[in-house]
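Encoded as structure tokens, the structure appears first; notes follow it.
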Amino acid sequence: VKLMGAPPQARKTDPRAYALFLQARQAGRLGTAAGLAQAVTLYRASLAIDPAYAPAWVGLSSSYANQANGGQRPIDAGFRLARQAVDKALAIDPDSARAHAQLGFLAMNHDGNLAVAAGHLQRALALAPDDFGSILNAARLAQTLGRLEQAIALDQYVATHDPLNARAHYNLGVDHFYDGRMADAIASWRSTLALSPGFIGAWYNIGTAQMISGRADAALESMRNEPEEGWRAIGLPMVYFALGKKAESDAAL
């Protein structure tokens, strides 16, 4: 019996490290402050068992970056940790698609260098065209470039093939929001919350879309539901102002 092409290559690791890696990945996908903190702890525990397990280094990098974006770590410090972790992953496995995709994410979200981000993402997709994490990051680049149809198609692909991925639904909502499709955006973010009730920024985004749609009363309730204090603090002054409550808006601000 002959196999078509080369067999898939997977680096072996200690089963205990792999179990911790899977738990960390699921915790990070929740997109909550507690989930991201747990993911960091679990990734570190996995790496304590196998310091040369590149996927765990990439996961740790992603968790640090998401904490920085979500307000759980100072921006520069969080992204510095994220870069150190992904650099370790690439030193171990230079052909890690997810590591290249993560470098693209860092280039977009911290360095503001879209050309560098595009290079890393092209490399990632060449190495693993069907990697969901790489596709999600490629969608972010398309969104940043204003290519919303492309971003929607990429995020929809992941949401369809990995329907329990809360971040895919969240990102799809952002695409719809920038495309002016408020009802579709709200529906995607409600799917996010159904999968992860504490997902950072989902209630804030719903409230923003409701404000734009002229539903400030509903937006006020949504902003109050936002679990992350930083996002809630940004949203409430806007909603009070939209409701004509200037004193409340100034106080909240």
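The values are calculated or read from the model by the stated rules, or taken from the named source; none is laboratory data. None of these values were measured; they are calculated from a predicted model. Cβ placement follows ideal geometry from the backbone for every residue including glycine, while neighbour counts extend to all protein chains displayed. Ligands, DNA and RNA are excluded from the accessible area calculation, which covers all protein heavy atoms including side chains. Shrake-Rupley method; radii C 1.70, N 1.55, O 1.52, S 1.80 Å.
Among the residues of segment 126-157, those identified as more than 16 Å from Arg25 (Cα to Cα) and touching a Leu at 6+ places or on another chain (Cβ under 8 Å) are Ile135, Asn137, Ala138, Ala139, Leu141, Ala142, Thr144, Leu145, Ile152, Leu154, Asp155, Gln156. Of all residues in segment 116-132, exactly one satisfies the criterion of being in contact (Cβ under 8 Å) with a residue 24 or more places away in the chain, in contact with a Phe, Trp or Tyr (Cβ under 9 Å, 6 or more places away or on another chain) and open to solvent by less than 30 Å² (accessible area, probe 1.4 Å), namely Ala117. In this structure, Ala209 does not satisfy being part of a helix (DSSP H, G or I), hydrophobic (A, V, I, L, M, F, W, C) and free of Cβ contacts under 8 Å to residues at least 12 places away in the same chain. With respect to being polar (S, T, N, Q), under 22 Å from Ala27 (Cα atoms), in contact (Cβ under 8 Å) with a residue 24 or more places away in the chain and buried (at least 20 other Cβ atoms within 10 Å of the Cβ), Thr192 fits the description. Among the residues of segment 108-133, the ones that are of a type in the set (Gly, Ala, Ser), closer than 21 Å to Ala168 by Cβ and modelled with pLDDT under 95 come to 2 in all.
Do we find that Gly244 is in a loop (DSSP other than H, G, I, E, B), surrounded by fewer than 21 Cβ atoms within 10 Å (Cβ to Cβ) and of a type outside the set (Ser, Thr, Tyr) in this structure? In short, yes. For segment 154-168, the tally of residues that are open to solvent by 30 Å² or more (accessible area, probe 1.4 Å) and touching a residue at least 12 places away in the same chain (Cβ under 8 Å) stands at 6. Looking across Gly146, Gly180, Gly78, Gly71, one residue alone is open to solvent by less than 20 Å² (accessible area, probe 1.4 Å) and out of contact with any Cys (no Cβ under 9 Å at 6 or more places or on another chain). It is Gly78. Flag: Ser222 does not match the condition of being touching a Pro at 6+ places or on another chain (Cβ under 8 Å) and either open to solvent by less than 70 Å² (accessible area, probe 1.4 Å) or part of a helix (DSSP H, G or I) (or both). Residue count for segment 22-34 under the criterion of being assigned to a helix (DSSP H, G or I) and either open to solvent by 20 Å² or more (accessible area, probe 1.4 Å) or polar (S, T, N, Q) (or both): the result is 7. Does segment 50-57 include one or more residues that are touching a residue at least 12 places away in the same chain (Cβ under 8 Å) and either among the basic types (Lys, Arg) or more than 25 Å from His120 (Cα to Cα) (or both)? Looking for residues that are touching a residue at least 12 places away in the same chain (Cβ under 8 Å) and either among the basic types (Lys, Arg) or more than 25 Å from His120 (Cα to Cα) (or both), one finds at least one in segment 50-57, hence yes. Report yes if Arg80 is within 30 Å of Ile234 (Cα to Cα) and basic (Lys, Arg), otherwise no. Answer is yes for this residue. Listed by first and then second residue, the pairs linking a residue in segment 218-247 that is touching a residue at least 40 places away in the same chain (Cβ under 8 Å) and of a type outside the set (Lys, Arg) to a residue that is open to solvent by less than 20 Å² (accessible area, probe 1.4 Å) and outside any loop (DSSP other than H, G, I, E, B), with Cβ atoms under 7 Å apart and 6 or more places separating them unless they lie on different chains, are Glu228/Gly70.
For the condition open to solvent by less than 60 Å² (accessible area, probe 1.4 Å), within 24 Å of Ala68 (Cβ to Cβ) and not in a loop (DSSP other than H, G, I, E, B), Leu236 qualifies.
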